[in-house]
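Working notes, beginning with the structure itself.
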């Protein structure tokens with residue numbers, strides 16, 4: 001049930017991007033960014049289910065210690081929503097460059113995690 005609620009939450013966040021005056025390119029880039037955030041979220045969940053890995057982000061580490069692993073999708077969902085909110089305020093021309101930068105950073109994190117052997121865990 002948690003997986004379904006997470007997916008519905010992320011779809012809601014993505015669909016809210018259509019409310020502004022976003023170009024089709026912006027919408028595709030934001031969808032790609034959301035996808036990279038979901039993959040990073042699943043990799044982070046994998047880290048907390050295996051003893052041989054340690055999360056480097058202290059915000060996530062402290063949140064999981066105080067709330068539990070349910071903090072992970074909450075953190076990433078908040079990041080996606082916050083990014084959408086900030087990007088909606090951005091001028092149209094600059095939005096593409098910021099989204100490309102976000103996607104590049106997230107892709108680098110995902111690839112780095114994969115090279116270290118970090119997989120995906122869908123069970124929260």
Of residues in the range 85-94 being under 15 Å from residue 23 (Cβ atoms) and under 20 Å from the mean Cα position of the chain (by Cα), the one surrounded by the most Cβ atoms within 10 Å (Cβ to Cβ): 87
Checklist (1) at pLDDT below 90; (2) within 17 Å of residue 123 (Cβ to Cβ); (3) part of a helix (DSSP H, G or I) applied to residue 51, failing item: (3)
Selection status of residue 44, part of a helix (DSSP H, G or I), under 16 Å from residue 106 (Cα atoms), modelled with pLDDT of 90 or more and in contact with a helix residue (DSSP H, G or I) (Cβ under 6 Å, 6 or more places away or on another chain): yes
Every residue from the range 19-37 that is surrounded by 18 or more Cβ atoms within 10 Å (Cβ to Cβ) and free of Cβ contacts under 8 Å to residues at least 40 places away in the same chain: none
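The values are calculated or read from the model by the stated rules, or taken from the named source; none is laboratory data. What you see is a predicted model; the values in this text were computed from it and never measured. Glycine also receives a Cβ, built like all others from the backbone with ideal geometry; neighbour counts cover every protein chain displayed.
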